[in-house]
1. As an exercise, use a Förster radius of 41 Å and the Cβ-Cβ distance of residue 226 and residue 10 to find the FRET efficiency, rounded to the nearest 0.05.
2. Could you work out the percent of alpha carbon pairs in the chain separated by over 22 Å, rounded to a whole number?
3. Once the Cα gyration tensor of region 28-165 is diagonalised, what are the square roots of 5 times its eigenvalues, in whole Å and ordered largest first, as equivalent ellipsoid semi-axes?
4. Can you tell me the 0 to 90 degree angle between the C-alpha axis of helix 194-232 and the longest principal axis of the chain, rounded to 10?
5. In Å², what does the accessible area per residue of region 13-60 work out to with a 1.4 Å probe?
6. What is the mean projected area of the alpha carbon convex hull for region 183-233, to one decimal in square nanometres?
7. Can you show me the helix-derived [θ] at 222 nm for the chain, built from DSSP H runs with n ≥ 4 at -39,500 (n - 2.57) apiece and divided by the number of residues, rounded to the nearest 500.
8. When the accessible area of the chain is split by element with a 1.4 Å probe, what percent falls to carbon and sulfur?
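The values are calculated or read from the model by the stated rules, or taken from the named source; none is laboratory data. It should be emphasised that the depicted structure is a prediction, and the values quoted were computed from it without experimental measurement. No Cβ is skipped: glycine too gets one built from the backbone with ideal geometry, and neighbour counts run over all protein chains shown. Heavy atoms of the whole protein, side chains included, go into the accessibility calculation; ligands, DNA and RNA do not. Shrake-Rupley method; radii C 1.70, N 1.55, O 1.52, S 1.80 Å.
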Amino acid sequence: MSNVTYNRGNLTITLAGLDTVERALGDLRQKTPAAAKVAINATAREARKLMIARAKARYAVNTAGQRHLKDLVQRKKATNRSLLAELRISSFRNDLGYFQTSPPVPTHFTGRNWRKGPSVWRGKVLKAEEMKPLPGTTGRAKAFLAEFASGHVGMVQRVIGSSSSHTTTKSGAPRWRNREGKVEKLVTLGSPSATAMHSTIWPYVEPEVEAYLLDRLDSQVEKLIAKAKAGRG
């Protein structure tokens, strides 16, 4: 009777085959769609809450990362004529700047003054993990946090020997140059997107959401019957 699915950032909740509900309502069976609508929309709100809470419990997201998890929002509400609700989250690429790092903020450049950062930055994606060092890799320098013109703080690496056309910071200050006088290109360190994180935790949440939908439908039917009895009394 219930159908709850999550795929590629879309969570859909619907009810079909409501013969049992109609029989339970008896003379009130014309209210079946209204009861189903209330149950579906309540379940959509509960599913969003559960998915965000489970993702925050699993992943070591910082404040910015938590905001992205909350981008899972209800795009469509169920109505009496359309018994379907939909939650959706935009798929976008994350970088390690949305997760816990040490230090947690950029240290290399403040205003127009250079300041030495740590010998190696550390970070992690899962809360259960230890913080891991982020040293240089083949062709790339060690990772560090940098603030972009958009205001986003990302975990990046310099591509050794490359040349970037972006030679100043967002404030107009000159960017760091290597010994050859080049401003090297930056690449971000990828990490799971909010869509991927929700996809991972969905199997753990699905049974609870299914049970909540059916329980909420039963509750709504009982309320309608009780209200009708009280009116006749």
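1. With a Förster radius of 41 Å, E is 0.70.
2. Of all Cα-Cα pairs in the chain, 63 percent lie more than 22 Å apart.
3. Calculated on Cα positions only, the semi-axes equal 45, 16, 12 Å.
4. Helix 194-232 and the main axis of the chain meet at about 30 degrees.
5. 47 Å²
6. Here the figure is 6.3 nm², rounded to one decimal.
7. Result for the chain: -12000 deg cm²/dmol, rounded to the nearest 500.
8. Here carbon and sulfur together make up 50 percent of the probe-accessible area.
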